[in-house]
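Input: a single structure, listed below in structure tokens.
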Amino acid sequence: MKILVCISNVPDTTSKINFTDGDTKFDANGVQFVINPNDEFGLTRAMWFKEKQGATVHVATVGETTVEPTMRKALAIGADEAIRVNSVPTDGYFVAQQLAEVVKNGGYDLVIAGRESIDYNGGMVPGILATLLGMNFVNTCTNLEVDGTNATAIREIDGGKEKIATTLPLVIAGQKGLVEESDLRIPNMRGIMMARKKALNVIEPIEATKATEDTKFEKPAPKGAVRLIDAENIDELIELLHNEAKVI
Amino acid sequence: MSVLVYTESENGKFKKSALEVASYASAIASEMGSSATALSFNASENDDLGNYGISKVLNVTNENLNTFTALAYADAIAQAAEKEGATVIVVSSSANSKFLAPILAAKLKAGYVPNVVAAPESTNPFVVKRTAFSNKSFAFTQISTENKIIGVSNNAFGLVENKVELTVEDFSPSINDDSFAVKSVEVDKVAGKVTIADADIVVSGGRGLKGPENWGMIEELADVLGAATACSKPVSDMGWRPHGEHVGQTGKPVASNLYIAIGISGAIQHLAGVSSSKVKVVINTDPEAPFFKAADYGIVGDAFEIVPKLTEKLKEFKAQNA
Ligand SMILES: Cc1cc2nc3c(=O)[nH]c(=O)nc-3n(C[C@H](O)[C@H](O)[C@H](O)COP(=O)(O)OP(=O)(O)OC[C@H]3O[C@@H](n4cnc5c(N)ncnc54)[C@H](O)[C@@H]3O)c2cc1C
Ligand SMILES: Nc1ncnc2c1ncn2[C@@H]1O[C@H](COP(=O)(O)O)[C@@H](O)[C@H]1O
């Protein structure tokens with residue numbers, strides 16, 4: 001089985017978000033970038049397929065040279081090869097078209113992406129990618145087993161979960177649950193050394209259209225001070241929620 | 001030309017979010033000088049939609065579509081859009097809508113914008129306001145393609161009553177067997193329980209509750225309020241609660257009208273996922289807990305004393321205001 005893990009490079013979850021150029025651009029100054037948490041679960045699951053089922057695992061990112069440390073980290077965790085499509089990831093539609101080309105040329109059976117990138121929260125690259133390629137697709141995937149060309153997945157739904165049966169070739173959008181939190185891998189010295197010898201292939205983007213563009217950003221209005229209510233006076237809380245906030 | 005909206009139902013009944021997206025679609029339609037058409041699947045109460053500005057419903061009656069199948073539903077929506085000449089399609093933020101929207105985007109070569117929180121800033125060019133960076137900011141996103149898909153955030157637009165004349169039409173899209181290649185085998189869902197996605201009120205517990213055995217009082221409070229229950233990440237990691245209840249940046253987003261956080265410190269990753277809730281109440285023993293900076297109302301104190309009292313008082317309040 002040949003697996004491609006799609007990785008987006010995102011600000012660390014603790015990052016403060018700021019903008020420059022009159023609030024039109026994300027300010028990457030001083031921001032630490034990491035593998036998108038949803039993709040980290042997917043990459044670890046891919047390692048499981050590599051170790052238990054002999055799968056080959058490649059990772060792909062659409063991004064400029066600045067994403068290479070994140071790709072090296074994926075190689076250090078155990079991916080066999082990395083592919084970088086040399087382009088600014090302008091929007092989800094554009095990124096999906098680039099990745100579709102990579103998948104087509106690489107003959108992958110399984111594509112593991114994440115439910116959403118925690119920066120732009122598009123939640124669309126995997127679904128668009130699958131549809132462009134005519135591959136089966138499971139969103140919000142929290143468990144995946146593959147047996148030959150048959151796949152069984154669990155998908156999170158509102159208020160519960162759903163068991164799904166499908167076949168390869170398949171794209172999943174994964175998230176927490178795909179592997180245990182405690183099984184997530186941190187690159188060790190040996191992995192880091194080995195990663196230096198692995199291929200990080202850079203390919204040029206294909207001609208593709210984009211569909212959307214963020215023209216401006218705005219930070220939420222600062223919050224007023226909290227209204228503290230005495231623990232002995234719960235009636236006041238109920239009164240405020242009813243008459244002032246009007247939520248009960 | 002019209003605006004098409006996918007109105008989700010469960011066992012024939014529309015979800016509240018369906019009426020919200022219907023309201024949203026009819027607002028865009030009137031802005032663009034057109035009308036709003038809804039697409040429903042096996043729904044029994046289509047007339048309801050007329051109260052929210054929908055003038056036409058295409059209702060699909062098809063047993064094969066009783067269980068949600070993303071690709072088959074996307075096929076049907078694409079065909080309905082073509083039939084109606086609709087270039088703007090509105091969906092909700094439910095798990096099912098977020099599943100089918102990207103598929104539909106690829107089929108229609110449409111720009112898709114999820115997590116939209118307000119009516120369009122303008123329709124020419126088409127610009128919508130959405131949340132980004134896990135609620136740490138808003139983005140104004142311009143859609144440049146002819147076809148456009150808008151995913152509306154829960155509780156962001158609200159229900160807007162606007163009674164219009166409604167016609168209901170049967171619609172039979174042709175759907176290939178191939179579109180059922182991703183099969184639902186089993187659905188595991190607690191019946192009759194409010195879900196985080198649909199809830200007006202969410203009651204959430206953190207590590208401060210000490211253990212799973214103490215969740216009874218959280219559930220009782222949620223019961224009185226008709227609320228969904230949720231939890232912080234460590235609580236689900238430790239197996240005190242199911243993964244599906246984990247909210248925050250890496251869990252489910254919460255956009256309820258009221259969010260009550262009990263024994264939750266308010267870490268940045270937690271707040272990122274819940275901050276678009278309108279009103280936040282925090283109950284915590286530590287007055288320095290960061291959540292107090294993000295909350296509207298707060299009680300400094302022990303959850304084990306406050307929560308049962310609050311539940312009792314709310315019962316009395318409900319009895320008086322019933
Ligand atoms: C990559 C990454 C992603 C993450 N994503 C998420 C996410 O999506 N969601 C999320 O929730 N977290 C997330 N986290 C974890 C987050 O950083 C915090 O660790 C977590 O939110 C803390 O959970 P908590 O508030 O329940 O626990 P704690 O931080 O331990 O807080 C417990 C609180 O309970 C209070 N307390 C104790 N006893 C009582 C009592 N008797 N009555 C009332 N209050 C009491 C304490 O004062 C304290 O404030 C993420 C972390 C990382 C690194
Ligand atoms: N620039 C990118 N390069 C590679 N994969 C990406 C990129 N952007 C998004 N993805 C993949 O698509 C998933 C969903 O991203 P998004 O649609 O941007 O929310 C991510 O978790 C990644 O797996």
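For segment B:158-175, the count of residues that are within 16 Å of ligand 2 (Cβ to nearest atom), buried (at least 16 other Cβ atoms within 10 Å of the Cβ) and part of a strand (DSSP E or B) is zero. Among the residues making up segment A:167-181, those that are at the interface with another protein chain (Cβ under 8 Å from one of its Cβ atoms) and not β-branched (Val, Ile, Thr) are A:Gln175, A:Lys176, A:Gly177, A:Glu181.
For segment A:13-41, taking the residues that are open to solvent by 40 Å² or more (accessible area, probe 1.4 Å) and within 22 Å of A:Ile77 (Cα to Cα), the one that is nearest to ligand 2 (Cβ to nearest atom) is identified as A:Glu40. For segment B:266-280, the condition holds for at least one residue, the condition being that it is within 16 Å of ligand 2 (Cβ to nearest atom), at the interface with another protein chain (Cβ under 9 Å from one of its Cβ atoms) and within 23 Å of B:Ser137 (Cβ to Cβ). Count of segment B:42-84 residues, restricted to those that are outside any loop (DSSP other than H, G, I, E, B) and over 23 Å from A:Val138 (Cα atoms), is 17. Just to be sure, is A:Gln98 open to solvent by less than 10 Å² (accessible area, probe 1.4 Å), more than 15 Å from the chain's Cα centre (by Cα) and more than 16 Å from ligand 1 (Cβ to nearest atom)? Here the answer is yes, as A:Gln98 does meet what is asked. Name the residues in segment A:220-231 that are at the interface with chain B (Cβ under 7 Å from one of its Cβ atoms), among the aliphatic types (A, V, I, L, M) and in a loop (DSSP other than H, G, I, E, B), would you? Hits for segment A:220-231 are A:Val226, A:Ile229, A:Ala231.
If the condition is being among the β-branched types (Val, Ile, Thr), open to solvent by less than 30 Å² (accessible area, probe 1.4 Å) and within 23 Å of B:Pro234 (Cα to Cα), then segment A:165-191 contributes only A:Val179.
Counted as qualifying within segment B:231-305 are the helices (runs of 4 or more DSSP H) with 2 or more residues that are surrounded by fewer than 23 Cβ atoms within 10 Å (Cβ to Cβ) and within 11 Å of ligand 1 (Cβ to nearest atom), namely B:233-237, B:268-274. Among the residues of this structure, A:Asp12 counts as one that is within 16 Å of ligand 1 (Cβ to nearest atom) and acidic (Asp, Glu). For A:Thr167, the conditions (1) out of contact with any helix residue (DSSP H, G or I) (no Cβ under 8 Å at 6 or more places or on another chain); (2) within 15 Å of ligand 2 (Cβ to nearest atom) are fulfilled apart from (2).
Pairs only if they're at least six apart or on different chains, beta carbon under 8 angstrom, first in segment B:187-214 and on the phi < 0 side of the Ramachandran plot and within 13 Å of ligand 1 (Cβ to nearest atom), second modelled with pLDDT under 95 and part of a strand (DSSP E or B); list them, first residue then second. Matching pairs, first to second residue: B:Ile196/B:Lys252. Against the list (1) facing chain A (nearest Cβ under 9 Å); (2) modelled with pLDDT under 95, the condition B:Asn66 fails is (1).
What is the one condition in (1) within 18 Å of A:Ile248 (Cα to Cα); (2) under 21 Å from the mean Cα position of the chain (by Cα); (3) touching a residue at least 40 places away in the same chain (Cβ under 8 Å) that B:Ala227 does not satisfy? Going through the list (1) within 18 Å of A:Ile248 (Cα to Cα); (2) under 21 Å from the mean Cα position of the chain (by Cα); (3) touching a residue at least 40 places away in the same chain (Cβ under 8 Å), B:Ala227 breaks only (3). Evaluate segment A:204-219: report whether one residue or more is under 22 Å from A:Glu81 (Cα atoms), more than 7 Å from every other protein chain (Cβ to nearest Cβ) and surrounded by 12 or more Cβ atoms within 10 Å (Cβ to Cβ). Yes: segment A:204-219 contains one or more residues that are under 22 Å from A:Glu81 (Cα atoms), more than 7 Å from every other protein chain (Cβ to nearest Cβ) and surrounded by 12 or more Cβ atoms within 10 Å (Cβ to Cβ). Only residues that are away from chain A (no Cβ under 14 Å) and open to solvent by 20 Å² or more (accessible area, probe 1.4 Å) were counted across segment B:182-213, and they come to 5.
Within segment B:281-309, the set of residues being within 9 Å of another protein chain (Cβ to nearest Cβ), within 26 Å of A:Pro220 (Cα to Cα) and of a type in the set (Gly, Ala, Ser) comprises B:Ala294, B:Ala295, B:Gly298. Screening segment A:107-125 for residues that are open to solvent by less than 10 Å² (accessible area, probe 1.4 Å) and more than 16 Å from ligand 1 (Cβ to nearest atom) and picking the one that is farthest from B:Pro253 (Cα to Cα) gives A:Leu110. Residues in segment B:235-252 that are within 16 Å of ligand 2 (Cβ to nearest atom) and in contact with a Ser or Thr (Cβ under 7 Å, 6 or more places away or on another chain): B:Gln249 alone. Here the condition is being in contact (Cβ under 8 Å) with a residue 40 or more places away in the chain, open to solvent by less than 20 Å² (accessible area, probe 1.4 Å) and at the interface with chain A (Cβ under 7 Å from one of its Cβ atoms); of B:Ser179, B:Ser134, it holds for B:Ser134 alone. Scanning segment B:71-96 for residues that are touching a Phe, Trp or Tyr at 6+ places or on another chain (Cβ under 6 Å) and open to solvent by 10 Å² or more (accessible area, probe 1.4 Å) yields one hit, B:Asn96. In segment B:98-131, the qualifying residues are those that are of a type in the set (A, V, I, L, M) and assigned to a strand (DSSP E or B), and the one that is surrounded by the fewest Cβ atoms within 10 Å (Cβ to Cβ) is B:Val127.
Note on segment A:105-160: enclosed strands (runs of 3 or more DSSP E) holding 3 or more residues that are in contact with a Pro (Cβ under 8 Å, 6 or more places away or on another chain) and either more than 7 Å from chain B (Cβ to nearest Cβ) or within 16 Å of ligand 2 (Cβ to nearest atom) (or both) are A:110-114.
Is there a residue in segment A:50-73 that is outside any helix (DSSP H, G or I), within 14 Å of another protein chain (Cβ to nearest Cβ) and in contact with a Phe, Trp or Tyr (Cβ under 7 Å, 6 or more places away or on another chain)? The answer is no, given that none of the residues of segment A:50-73 is outside any helix (DSSP H, G or I), within 14 Å of another protein chain (Cβ to nearest Cβ) and in contact with a Phe, Trp or Tyr (Cβ under 7 Å, 6 or more places away or on another chain). Pairing each residue of segment A:226-248 that is under 16 Å from B:Val224 (Cβ atoms) with any residue that is of a type in the set (Asp, Glu), provided the two are 6+ apart or on different chains, yields C-beta distances under 8 Å for A:Val247/B:Asp200.
The residue that is farthest from B:Glu84 (Cα to Cα), counting only those in segment B:7-63 that are polar (S, T, N, Q) and out of contact with any Ser or Thr (no Cβ under 9 Å at 6 or more places or on another chain), is B:Asn51.
The values are calculated or read from the model by the stated rules, or taken from the named source; none is laboratory data. The shown structure was predicted, so the numbers you read here are calculated from the model rather than taken from an experiment. Counting neighbours? That spans all protein chains shown, and the Cβs are built from the backbone with ideal geometry, glycine included. Side chains are part of the model used for accessible areas, which takes the heavy atoms of the whole protein and leaves out ligands, DNA and RNA. Shrake-Rupley method; radii C 1.70, N 1.55, O 1.52, S 1.80 Å.
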